[in-house]
Amino acid sequence: MPRKSISSLVLELLASEHRVLVADWRVHVFYIRVAQKHSFRLPDVSMSRKLIRQLVSSGSMKSVSGVKGVYWVTIPFADAITVPDEAVVYEANPYSVLSYFSAIAYHGLTNVVPTDIYATYYPKSKSTPLGTTPDEWTDIRLPAKRMPIKVKDRAIHWITTKCDWKFGTTIGYLQGHPVYVTDIERTLLDGLRFPGKCGGALEVFKAWRQAADNLNIKNIIEYIENFNQALLRQRVGFILETMGFSDPIFDQWASKSIRGSSARLLAEREFSSQYSERWNLSLNVPESMLAELRGS
């Protein structure tokens, strides 16, 4: 029986993993896997680029419009698999983390379908791309850190964050496609810090209320200490107590609360005379939003 070609073997590997979306860096990894298994010459990057050109020329793959280095697999098995736009973002930048309004929607904390995509990016991150192992990157360069501006007609908002704040990330699945996503607790904290990236303050407060039954207070406390921001402690302490939660650390947070015009429940809104004495916090939101937190 004639020996199968590299292109056939790589396509078979893609089919075995049900991958209908693949970046150039992943093709390189798959090429190496195939070469090792079938005793082909190990490829360098130029050989993988040549393979991609062959697959595109043969009609087995085609470029994702507007997203450099990412391709649709067009062989028959791929027809039955749906790929969400967020998975395209991850394949383009395997260090990206689905976050803010996209994460709120992922966790089912809103009834609104976000028009845009929100992704957090840690510039110095060296996390192993999903679907690969650390050993596979021992002798090859990690993927490029691409930041496309849109997928189809959906804008992508990139939020760059320092690596000291790289916590609260988990692996999620979008129609079977693995992506990094902020967990519920980190998502809620990010929403409180930047409501404008999460559909607005009302959507954020609704998300906190919606998450109440699944909220891990230990995670919230750990992340608050990692952020190490006094005003965030005040805001979160007030919100959690308003929702009916209690913990001994809340007294510590309240005792260290700071005063001043910046001590507002929402930083983006004007100071209000409505005030929480315990938390030294201006409650600069409508009563309807506080009622949302109380579940009333």
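A few points about this structure:
- Positive-end residue, the chain charge dipole about Cα centroid, Cβ charges, pick of 151, 122, 138: 138
- Rounded tilt (10° steps) of 217-227 against the dominant C-alpha axis of the chain: 90 degrees
- From the coordinates shown, semi-axes √(5λ) of the Cα gyration tensor in Å corresponds to which of (1) 46, 18, 15; (2) 24, 22, 18; (3) 32, 22, 20: (1)
- For the range 163-192, the set of chymotrypsin sites (Phe, Trp or Tyr not before Pro) satisfying both a DSSP loop assignment and a count of at most 16 other C-beta atoms within 10 Å is given as 167.
- For the range 6-80, the alpha-carbon coordinates run over 32, 23, 18 Å along the three principal axes, in decreasing order.
- Convex hull volume of the Cα atoms of the range 200-291, normalised per residue: 98 Å³.
- According to the Cα-based calculation, Rg over Rh for the range 1-141 is 1.00, with Rh computed by the Kirkwood formula.
- With all pairs of separate Cα atoms included, the range 61-164 yields a Kirkwood hydrodynamic radius of 15.1 Å.
- Once C-alpha pairs closer than 8 Å and six or more residues apart are averaged by separation and normalised to the residue number of the chain, the relative contact order reads 13 percent.
- Here the range 171-225 is treated as a Stokes sphere of Kirkwood radius computed over C-alpha pairs; at 4 °C and 1.567 mPa s its diffusion coefficient rounds to 107 µm²/s.
- The chain: angle of helix 184-193 to the longest principal axis, Cα-based, in degrees nearest 10: 60 degrees
- Overall, the range 195-296 carries a charge dipole of about 160 debye about its Cα centre when +1 sits on the Cβ of Lys and Arg and -1 on the Cβ of Asp and Glu, all other atoms neutral.
- Dipole check for the chain: with +1 at the C-beta of Lys and Arg, -1 at the C-beta of Asp and Glu, and the Cα centre as origin, the magnitude is about 1160 Debye.
- In terms of other Cβ atoms within 10 Å, 163, 198 run from fewest to most in the order 163, 198.
- Rh by Kirkwood over Cα pairs, then Stokes-Einstein D for the range 139-254 at 0.692 mPa s and 37 °C, µm²/s: 203 µm²/s
- GNM on the chain, alpha-carbon springs under 10 angstrom: the most fluctuating residue among 53, 186, 41 is 41.
Quick note: the coordinates plus some simple rules give every number you see, no bench work behind them. Predicted, not measured: the structure shown is a model, and the values here were computed from it. Every residue, glycine among them, receives a Cβ derived from its backbone with ideal geometry; neighbour counts consider all protein chains shown.
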